[in-house]
Amino acid sequence: GEYGMGKTTTCKALARDLLRRRDEGQKVPLPIYLDLRHVGESARRELVLDEILELILKRSWKSGPDGTSLSAKELIGLVENEGALVIWDGLDEVLVHLDPNPGQMFTRQLFRILPPGRKGEPRRGRMLISCRTHYFRTLRDQQTHFRAEDRDSVRPNDYRAPFLLLPFTPEQIREYLKHTLENQDPDRVMDVLRTVHNLQELAERPYTLSLIAEQFPQIEQWKVEGRRVTGLMLYRHMVLSWLERD
């Protein structure tokens, strides 16, 4: 998906849903969510799989002050023995720091978490990778990268077709505003968005829509004061937010 389309939120929602279904007794894989932003520039050290996992586990602030007791070896064991689903979120957050060849080597290390397939047996473990759409210049570049340059027996039929997160539809934007701005009439908010140039297009991305919702009281105030509301006013705030975020 593109910037702000909700890749991380979708990955976390998937993990939460699978955990809920497991608690209900359904036979679904155990999800293991791993945020590759914790690796970042450290990938330049040519990390191997165990080092990548240890780095993520160590730097995950949600593990608490005492850290996590789970080791890289135990995590790999969950995939090999229990068929867990590994969710690598934000591959582009690492590849952007690497040249093409080291980037390919890093992705191959991620592949190593899946146990080798054995003839006549179902494949154990699954892997999901999120990445920004525009990281790869062409579809061919993307296919070559995720097939390990056709050198490691990674075949097209090893994958489900890539899923692309699409922009919010007007109905989805309205539903979001309905739940976010509970004291506002969503139809009236949609009308206000249409009066500001390009604002409705920005609202198609979940992240920028959240920024618009935050600023809506300010937009209302500007209108009450008789000021002409322009996209520039909101762009300035959004660009600063993007810079602070990334």
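Going through segment 187-209 one residue at a time, which ones are modelled with pLDDT of 85 or more, farther than 25 Å from Glu244 by Cα and open to solvent by less than 30 Å² (accessible area, probe 1.4 Å)?
Listed by number, the residues that qualify are Val189, Met190.
Go through Gln215, Gln184, Gln221 for me and flag whichever is part of a helix (DSSP H, G or I), modelled with pLDDT of 80 or more and open to solvent by less than 70 Å² (accessible area, probe 1.4 Å). Steps first, answer last, please.
On the way: Gln184 fails: part of a helix (DSSP H, G or I); Gln221 fails: open to solvent by less than 70 Å² (accessible area, probe 1.4 Å).
Criteria check complete, one pass: Gln215.
Residues Lys27, Lys7: which one is within 24 Å of Leu164 (Cβ to Cβ) and of a type in the set (Lys, Arg)? Break it down stepwise before answering.
Details: Lys27 fails: within 24 Å of Leu164 (Cβ to Cβ).
Result: Lys7 is the single residue among Lys27, Lys7 that is within 24 Å of Leu164 (Cβ to Cβ) and of a type in the set (Lys, Arg).
Go through segment 155-181 and give me each residue that's more than 30 Å from Leu114 (Cβ to Cβ) and either part of a loop (DSSP other than H, G, I, E, B) or not charged (D, E, K, R) (or both). Can you show your working first?
Kept after step one, since they are more than 30 Å from Leu114 (Cβ to Cβ), are these residues of segment 155-181: 167-181.
Scanning segment 155-181 gives Pro167, Phe168, Thr169, Pro170, Gln172, Ile173, Tyr176, Leu177, His179, Thr180, Leu181.
Considering only segment 231-240, I want to know if a residue exists there that is open to solvent by less than 90 Å² (accessible area, probe 1.4 Å), assigned to a helix (DSSP H, G or I), of a type in the set (Val, Ile, Thr) and more than 25 Å from Lys7 (Cα to Cα). Reasoning before the result, please.
Residues of segment 231-240 that are open to solvent by less than 90 Å² (accessible area, probe 1.4 Å), as a first pass: 231, 233-235, 237-239.
Among the residues that remain, those that are also assigned to a helix (DSSP H, G or I) are: 231, 233-235, 237-239.
When the remaining residues are screened for being of a type in the set (Val, Ile, Thr), the result is 239.
Narrowing the set further to residues that are more than 25 Å from Lys7 (Cα to Cα) leaves none.
Among the residues of segment 231-240, not one is open to solvent by less than 90 Å² (accessible area, probe 1.4 Å), assigned to a helix (DSSP H, G or I), of a type in the set (Val, Ile, Thr) and more than 25 Å from Lys7 (Cα to Cα), which makes the answer no.
Any residue in segment 191-209 that's in contact (Cβ under 8 Å) with a residue 24 or more places away in the chain and within 21 Å of Leu166 (Cβ to Cβ): show its pairings with residues that are open to solvent by less than 20 Å² (accessible area, probe 1.4 Å) and among the hydroxyl-bearing types (Ser, Thr, Tyr) at Cβ separation under 6 Å, as long as the two are six or more apart or on different chains.
Leu202/Thr208
Just one of Val48, Val86, Val39, Val79 is closer than 16 Å to Phe111 by Cβ, at pLDDT 90 or above and more than 22 Å from the chain's Cα centre (by Cα); which is it? Steps first, answer last, please.
Values: Val86 fails: more than 22 Å from the chain's Cα centre (by Cα); Val39 fails: more than 22 Å from the chain's Cα centre (by Cα); Val79 fails: more than 22 Å from the chain's Cα centre (by Cα).
From the options Val48, Val86, Val39, Val79, the qualifying one is Val48.
Taking segment 58-76 only, how many residues are at pLDDT 90 or above and more than 26 Å from Pro122 (Cβ to Cβ)?
Total meeting the criteria: 0.
Please name all residue pairs, on different chains or six or more residues apart, with Cβ atoms under 7 Å, provided the first residue is in segment 216-234 and is more than 8 Å from Val192 (Cβ to Cβ) and the second residue is of a type in the set (Lys, Arg) and surrounded by fewer than 16 Cβ atoms within 10 Å (Cβ to Cβ).
Filtered contacts from segment 216-234: Val229/Lys223.
Among the residues of segment 170-190, count how many are of a type in the set (S, T, N, Q) and in contact (Cβ under 8 Å) with a residue 24 or more places away in the chain. Break it down stepwise before answering.
Of the residues in segment 170-190, the ones of a type in the set (S, T, N, Q) are 172, 180, 183-184.
Among the residues that remain, those that are also in contact (Cβ under 8 Å) with a residue 24 or more places away in the chain are: 180, 184.
Result for segment 170-190: 2.
If I ask for residues that are of a type in the set (Ser, Thr, Tyr) and within 23 Å of Tyr3 (Cβ to Cβ), which ones from segment 184-207 would you list? Spell out how you get there, then give the answer.
If we filter segment 184-207 for residues that are of a type in the set (Ser, Thr, Tyr), which is where we start, we get 195, 207.
The answer is Tyr207, and nothing else.
The values are calculated or read from the model by the stated rules, or taken from the named source; none is laboratory data. Keep in mind that this is a model prediction, so the values were computed, not measured. Methodologically, a virtual Cβ is constructed for each residue, glycine included, from the backbone with ideal geometry; neighbour enumeration extends over all protein chains shown. Protein only, heavy atoms only, side chains kept; ligands, DNA and RNA dropped before computing areas. Shrake-Rupley method; radii C 1.70, N 1.55, O 1.52, S 1.80 Å.
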